[in-house]
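The values are calculated or read from the model by the stated rules, or taken from the named source; none is laboratory data. Note that the structure is predicted; figures quoted are calculated from it, not measured. Neighbour counts run over all protein chains shown; Cβ positions are idealised from the backbone, glycine included. Side chains are part of the model used for accessible areas, which takes the heavy atoms of the whole protein and leaves out ligands, DNA and RNA. Shrake-Rupley method; radii C 1.70, N 1.55, O 1.52, S 1.80 Å.
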Amino acid sequence: MATGFQPKTLVNSERLWNDLMAIAEITLPEQPYTRRAFTPTFDQGRAWLKEKFLAAGFAVSQDAAGNLIGSIPGTTPGAGTIMLGSHSDTVPNGGRFDGVAGVIAALEIGRVLKEGGHELKHNLEVVDFLGEEPNVYGLSCVGSRGMTGYLSDESLSFTKPGGEKLGEAIKRAGGDPARIANSARSDVKAFFELHIEQGPILESENIQIGLVTAIVGIRRIEITFDGEADHSGTTPMHLRKDAGVALAETIVLIRKTAEDFAGRGKGHFVATVGVVEVSPNAINVVPQTARLIIDARSENVELMEHFLEEVTRIAATAAETYNVECAGPKILSDSVPSICNDKLRTLLRDCADNLGLSTRDLASGAGHDAAFISRIAPAAMVFVPCLRGKSHSPEEWAEPNALAAGANVIAEAIIRLDANESYFANG
Ligand SMILES: [Zn+2]
């Protein structure tokens, strides 16, 4: 990159912070910070955002999937769209930063470009994606799936307890479910999402900007052991068919395997047994059945396949050792990793270097809207450090200057990208 690069645009850190704290006030009062998608509180947040978009001079619209979009038209017709954004919905008792920091940063970037008279050749779109967090209809990333053609009719008919279908809820949120199937975007040339890291790496290494290499694929794997329920006092140890002990050994070996895989230098790998059930779960009965579910996350498809082989071997060995039957492993759900765009990551690193900010590549262990957008356009994510890596909790915290640093990097990247078409080549 050219030396002597001067930042052309710096966001207004104080305004970014004040907006973020202002929207945080829009919460269920008894449950801060809660703004669940498809609730009146969420709609209030969106009404607030819409006002901010209008005040910034953006044209405001909603797409078929219910995403709220603030646009600044580009000067070159047909040049395509540079998109940035994240989500304003929260988990119950969430924080003030997860998601909404990326929306407010995007607002501030668009606002400062407009104020500075930086007319872009490309359209700029600031997006609040609908319903990124899991919701009562049982689907996450509703808006980003819808924008990219990954919201099937089957998902639109997911029904919440009480009867409303997801499609009806999207309509209520301002979308048009009948049009979703034909509305996948093809004009997006680059996508940027700022997000708090939601983990401890950047803070512990004292690094200001995290550049995301990939968003992990997540595989949920179920294993069931079937033994025999027998009296715990009268059944000799060598005659037992104890499903519980097969489960216990499996959990420990999965943990050891995951540690091994994490240390192989093939990218982010974690696995957790978060669900266990033993039946009949009684004090004086040898467990008859035992079931566990593994949540495994990796940015490397081969590693994930290899892990499944190991899990199969571990479970079969445990079943044999304890004289029980093993059903599974059964894959309950599976998503492939989403790879962030190399060129955009290099561009972001150059911009951070020139702004005097330290960077590090890292994978995202959590899902994000960028994972879906990466299927239709080059996508990049900027992580900023958060206090003790805490997220999905009211304790979630990021420093004002950390957020502004992330926003400045994206703002500079947009200006350079807009001016230099070669960044788009081989996107
Ligand atoms: Zn998020």
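A single member of Ala101, Ala64, Ala105 is under 30 Å from Lys189 (Cβ atoms) and in contact with a Lys or Arg (Cβ under 8 Å, 6 or more places away or on another chain), and it is Ala64.
Being in a helix (DSSP H, G or I) and surrounded by fewer than 16 Cβ atoms within 10 Å (Cβ to Cβ): is that true of Glu108 here? When the stated conditions are applied, Glu108 does not pass them. Residues in segment 339-370 that are within 15 Å of the ligand (Cβ to nearest atom) and either free of Cβ contacts under 8 Å to residues at least 12 places away in the same chain or open to solvent by less than 10 Å² (accessible area, probe 1.4 Å) (or both): Ser364, His368, Asp369, Ala370.
Any residue in segment 262-272 that is aromatic (Phe, Trp, Tyr) and either outside any helix (DSSP H, G or I) or more than 16 Å from the ligand (Cβ to nearest atom) (or both)? Looking through segment 262-272, at least one residue is aromatic (Phe, Trp, Tyr) and either outside any helix (DSSP H, G or I) or more than 16 Å from the ligand (Cβ to nearest atom) (or both).
Residues that are open to solvent by 30 Å² or more (accessible area, probe 1.4 Å), under 30 Å from Ala181 (Cβ atoms) and away from the ligand (no atom under 16 Å from the Cβ) number at least 3 in the following strands (runs of 3 or more DSSP E) confined to segment 9-104: 59-62. The criterion of being more than 24 Å from Thr81 (Cα to Cα) and either in contact (Cβ under 8 Å) with a residue 24 or more places away in the chain or surrounded by 24 or more Cβ atoms within 10 Å (Cβ to Cβ) (or both) holds for Ala402. Residue count for segment 371-399, restricted to those that are of a type in the set (A, V, I, L, M), assigned to a helix (DSSP H, G or I) and buried (at least 23 other Cβ atoms within 10 Å of the Cβ): 2. Of all residues assigned to segment 157-166, none qualifies as being touching a helix residue (DSSP H, G or I) at 6+ places or on another chain (Cβ under 9 Å), away from the ligand (no atom under 16 Å from the Cβ), touching a residue at least 40 places away in the same chain (Cβ under 8 Å) and not in a helix (DSSP H, G or I). When segment 115-152 is filtered for residues that are away from the ligand (no atom under 16 Å from the Cβ), on the phi < 0 side of the Ramachandran plot and assigned to a loop (DSSP other than H, G, I, E, B), the ones remaining, listed by number, are Gly116, His118, Glu119, Leu120, Lys121, His122, Val136, Tyr137, Tyr150, Leu151, Ser152.
Residue selection: Glu320 satisfies the criterion of being acidic (Asp, Glu), over 21 Å from the mean Cα position of the chain (by Cα) and either modelled with pLDDT of 95 or more or more than 21 Å from Ala105 (Cα to Cα) (or both).
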